[in-house]
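A short write-up of the structure that comes next.
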Amino acid sequence: MNSTLNNERIKLARESRGYSQSTLAKQLTSASQVLLSKIEKGLANVTDDVLNEISTVLAYPKEFFYAKHDIYSLKHFYFRKNLGMSVTKAKLLESQINIISGNLCDLLDSVEIDTDLPFTDLNKTGLSPEQMAQRVREYFNLPKGPIKDIIKTVEQQGIIIHLFDFNLDLKISGVSLINKAGVPIMVLNKNQPNSRMVFTIAHELGHILMHFKGGIISEERDVENEADRFASSFLMPDDEIKSSLYHLSDEKLGDLKRYWKVSIQALLFKAKTLNTLNQDQYRRWVTKINYYGWRKREPLEFDNSEPQLLAKILKLHLEQLDYSKSELSKMFGLHLNEFEKIYLNEHSLLKEYIEKDSKIRKLKISL
């Protein structure tokens, strides 16, 4: 454990639990809000009594507060959300993503991942999101037709996908980032319907490829619209699907959903974009979707595969690098039960594992 406490981690821990500074201070007997504010800004020292109490109230072990990972503001991430986000919810999301990013950086100290991605600055190339999507399909060597397993497709390019149980108040579908190790990461809401998750992955892939490597992006650009357009064309190339989007019915939409592995809402949006539905027809479909509650849960949902890359990295640490679960949770600054909930319980690959003796060394992950 590092010997110097990182004051920024106190604020990070507080916000990750949804506490305001005043709310946390009210639960502390050893520190007022005045002192807590100075501590978070690095203007006051933290006594053992204060740290012990903060650790207990926020349910983080002391190791959490000594980690040295950089903390980034929400503007460094891209995310797909359903509704507008309040400042409090934005801080909650920001803190959770920072913690996950730091945890994965710890893992990647001992692992090499080959990332093979065609990062592109649309401004410099003049490409549209639709043209970019077609180029990416070619770069990934995808055949014509639907992408049968988008999770496997994305992970094979060296992008880590992590399914996370976001706070129910966070109407978030997914977040993308590139951590300091240079590895792209998607953190996806595990509770969203599978058909929406497919579009979320394609949407976040668009962000990773189009919006992280081109420098500062003008606020005049609608990056969310660009990511949506990329995702729609990546999943459903215009020239391949357009002829199927005329004369839509419930039955036909169901067949198209099963074939293309996308949501009914994505299909209708595509039809509107390609002018196979006029505005009135699209409006009637939206009314029907709202009436039947399909916006939250559509019929005819399909199964997605389980992300494998992060599970393999964790399994490598547990089996070949001779880490115990307790050692990993301590490295992450999490209590064991929270470590297991976030990182182990979601992966069938990690239900059982055998610890083996091995020298700690760089190991290459292959899928």
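The values are calculated or read from the model by the stated rules, or taken from the named source; none is laboratory data. It should be emphasised that the depicted structure is a prediction, and the values quoted were computed from it without experimental measurement. Virtual Cβ from ideal backbone geometry, glycine too; neighbours counted across all protein chains shown. Each accessible area value is taken on the protein alone, full model and side chains, heavy atoms only, with ligands, DNA and RNA left out. Shrake-Rupley method; radii C 1.70, N 1.55, O 1.52, S 1.80 Å.
At a glance:
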{"quantity": "Residue in region 135-183 that is least open to solvent (accessible area, probe 1.4 Å), counting only those that are in contact with an Asp or Glu (Cβ under 8 Å, 6 or more places away or on another chain) and of a type in the set (D, E, K, R)", "calculated": "Lys180"}
{"quantity": "Condition broken by Leu245, with the remaining ones in (1) closer than 19 Å to Ile151 by Cβ; (2) open to solvent by less than 10 Å² (accessible area, probe 1.4 Å) satisfied", "calculated": "(1)"}
{"quantity": "Per-region count, region 101-153, residues of a type in the set (S, T, N, Q) and in a loop (DSSP other than H, G, I, E, B)", "calculated": "5"}
{"quantity": "Search result, residues across region 260-276 that are open to solvent by 20 Å² or more (accessible area, probe 1.4 Å), in contact (Cβ under 8 Å) with a residue 12 or more places away in the chain and part of a helix (DSSP H, G or I)", "calculated": "Gln265, Phe269, Thr273"}
{"quantity": "Only listed residue being modelled with pLDDT under 95 and either of a type in the set (D, E, K, R) or over 26 Å from Asp70 (Cα atoms) (or both), chosen from Lys152, Lys213, Lys144", "calculated": "Lys213"}
{"quantity": "Those helices (runs of 4 or more DSSP H) lying entirely in region 1-55 with at least 2 residues exposed (fewer than 15 other Cβ atoms within 10 Å of the Cβ), of a type in the set (Ser, Thr, Tyr) and out of contact with any Ser or Thr (no Cβ under 7 Å at 6 or more places or on another chain)", "calculated": "21-26"}
{"quantity": "Residue tally, condition farther than 14 Å from Phe339 by Cα, out of contact with any helix residue (DSSP H, G or I) (no Cβ under 7 Å at 6 or more places or on another chain) and open to solvent by less than 50 Å² (accessible area, probe 1.4 Å), over region 303-329", "calculated": "3"}
{"quantity": "Verdict on Lys68 being at pLDDT below 95 and under 17 Å from Lys91 (Cβ atoms)", "calculated": "no"}
{"quantity": "Filter pass, Lys190 being touching an Asp or Glu at 6+ places or on another chain (Cβ under 6 Å), touching a residue at least 12 places away in the same chain (Cβ under 8 Å) and surrounded by fewer than 17 Cβ atoms within 10 Å (Cβ to Cβ)", "calculated": "yes"}
{"quantity": "Which listed residue, of Glu251, Glu226, Glu204, is of a type outside the set (Gly, Ala, Ser) and out of contact with any helix residue (DSSP H, G or I) (no Cβ under 8 Å at 6 or more places or on another chain)", "calculated": "Glu251"}
{"quantity": "Test for Phe234: is it among the aromatic types (Phe, Trp, Tyr) and closer than 21 Å to Phe119 by Cβ", "calculated": "yes"}
{"quantity": "Which numbered condition Gly293 fails, given (1) assigned to a helix (DSSP H, G or I); (2) over 14 Å from Ser195 (Cβ atoms); (3) at pLDDT below 95", "calculated": "(1)"}
{"quantity": "Cross-chain or 6+ apart pairs with Cβ under 9 Å, region 155-184 first and closer than 19 Å to Gln308 by Cα, then crowded, with 20+ Cβ neighbours inside 10 Å and of a type in the set (Lys, Arg)", "calculated": "Gly174/Arg80; Val175/Arg80; Ser176/Arg80"}
{"quantity": "Close pairs (7 angstrom Cβ cut-off, 6 or more residues apart or separate chains): on the phi > 0 side of the Ramachandran plot in region 61-79, open to solvent by 50 Å² or more (accessible area, probe 1.4 Å) and assigned to a helix (DSSP H, G or I) anywhere", "calculated": "none"}
{"quantity": "Condition broken by Ala59, with the remaining ones in (1) touching a His at 6+ places or on another chain (Cβ under 7 Å); (2) buried (at least 19 other Cβ atoms within 10 Å of the Cβ); (3) modelled with pLDDT of 90 or more satisfied", "calculated": "(2)"}
{"quantity": "Test for Lys91: is it open to solvent by 30 Å² or more (accessible area, probe 1.4 Å), touching a helix residue (DSSP H, G or I) at 6+ places or on another chain (Cβ under 8 Å), among the basic types (Lys, Arg) and touching a residue at least 60 places away in the same chain (Cβ under 8 Å)", "calculated": "yes"}
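A quick yes/no check of all residues on (1) surrounded by 19 or more Cβ atoms within 10 Å (Cβ to Cβ); (2) hydroxyl-bearing (Ser, Thr, Tyr); (3) touching a residue at least 12 places away in the same chain (Cβ under 8 Å):
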| position | (1), (2), (3) |
| --- | --- |
| Leu205 | yes, no, yes |
| Ser218 | no, yes, no |
| Arg221 | no, no, no |
| Asp239 | no, no, no |
| Lys257 | yes, no, yes |
| Asn278 | no, no, no |
